[in-house]
Amino acid sequence: MEKTIKKELPIYHKIVKAWNYKIFDFKIKHIILFSFCFIFFTYLLPRAIFTSLIYSRLKSCQNYLKEATISPSEIEPNVTRIPKRIHQIYFGWKKDDEASKNRMRDTAQSWKYYNPDWEYKLWNATESRNLIATEYEWFLTTYDSYKTPIQRIDAVRYFILFHYGGVYADLDISCAHKFDPLLQYEAILAPTDPVGLSNDLMMSSQSHPFFLRLIHRLQEYNRHYFIPYLTVLTSTGSIFISLEYCEYNQKNRINMFARGMYTADKGKWVGHEGRGSGSSWHSWDVEFLSIFLSDPDKLLGLIIALIALVFLIKKICNVFLCKASRDYDLVEVQKSNLAEVETFEES
């Protein structure tokens, strides 16, 4: 008897076997779909909702930022409220190469060059912790509990400005102008993109009530916010200071750097070395905010599109794998029939 059988389709064969393969009584297809749903509902969707709420809250404060903006042409120093102190912080980073260190030395030198009669202080990790331990012991447990060095650097800068007053600048911000005319204000903060404030450049008088509020609110924000990057920004960084500014009821005591002073190439007062303005910790998260969260309809559309994509993938897989399964079953049936014929002939 001629033994003929439909040619097997190896690709279909492998896909069907893999798709229906069981691990502890769970099929692979169920595990894949469950994993996708788990990631979407426990990570992507909560993060989108959380950042959307933050974005909406910060956007509501934008008018205050505009009203508080100072203009370089209107600066007429008549009184000194902010002490002549420059603070910068460096804990040391393993990834810093020699070029980065040289760039940080240059930016530090620029502050001394344009403000020669100001006191300059570069804080290290030991000195920063000692300040907390000796003057603000109630915060030491929280300070030590932070998972990343950047959180401690963020937190201690608020304590430094509250305790000593002056100007704080990140080490990648260079000075390009004498800061004496700004000493007449009580506090000056820097706006950032797409909304809110940055904490990379701040000026304050000693014991300013806004910074008193900040240091006492840090403990409430000390929690994990889905991902490390968002945790840093919300627990101690720019989102933290922005949300607190929105809740602060004495906004008339805080001014803002004008865009021409903080970001413009001409007439700027500070420069940002090796990055965009006010965005040393900004990555694709901010791009996500600016593209999808600037318009609630875009966020809703994104969520609907993701859900539709899940069902589309499931439908395509079902159609494709059903055909593969039928071909596979046909092969198996023909194999079984052939085996029965061979057994019958032998008998």
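The table that follows gives values for the structure above.
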quantity	calculated
ALA176 surrounded by fewer than 20 Cβ atoms within 10 Å (Cβ to Cβ), touching a strand residue (DSSP E or B) at 6+ places or on another chain (Cβ under 6 Å), hydrophobic (A, V, I, L, M, F, W, C) and more than 17 Å from THR234 (Cβ to Cβ)	yes
Tally, over the stretch 74-122, of residues that are of a type in the set (Lys, Arg), surrounded by 14 or more Cβ atoms within 10 Å (Cβ to Cβ), outside any loop (DSSP other than H, G, I, E, B) and modelled with pLDDT under 95	2
Elements of type helices (runs of 4 or more DSSP H) contained in the stretch 193-310, each with 2 or more residues being of a type in the set (A, V, I, L, M, F, W, C), over 26 Å from TRP138 (Cβ atoms) and at pLDDT below 70	284-288
Filter result for the condition that a residue is open to solvent by 20 Å² or more (accessible area, probe 1.4 Å) and touching a residue at least 60 places away in the same chain (Cβ under 8 Å), over ARG223, ARG253, ARG213, ARG217	ARG253
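The values are calculated or read from the model by the stated rules, or taken from the named source; none is laboratory data. Since this is a predicted model, take the numbers as computed values, not measurements. For neighbour counting, all protein chains shown are included, and Cβ atoms are generated from backbone atoms with ideal geometry for every residue, glycine included. Keep in mind that these areas ignore ligands, DNA and RNA; they rest on the heavy atoms of the full protein, side chains included. Shrake-Rupley method; radii C 1.70, N 1.55, O 1.52, S 1.80 Å.
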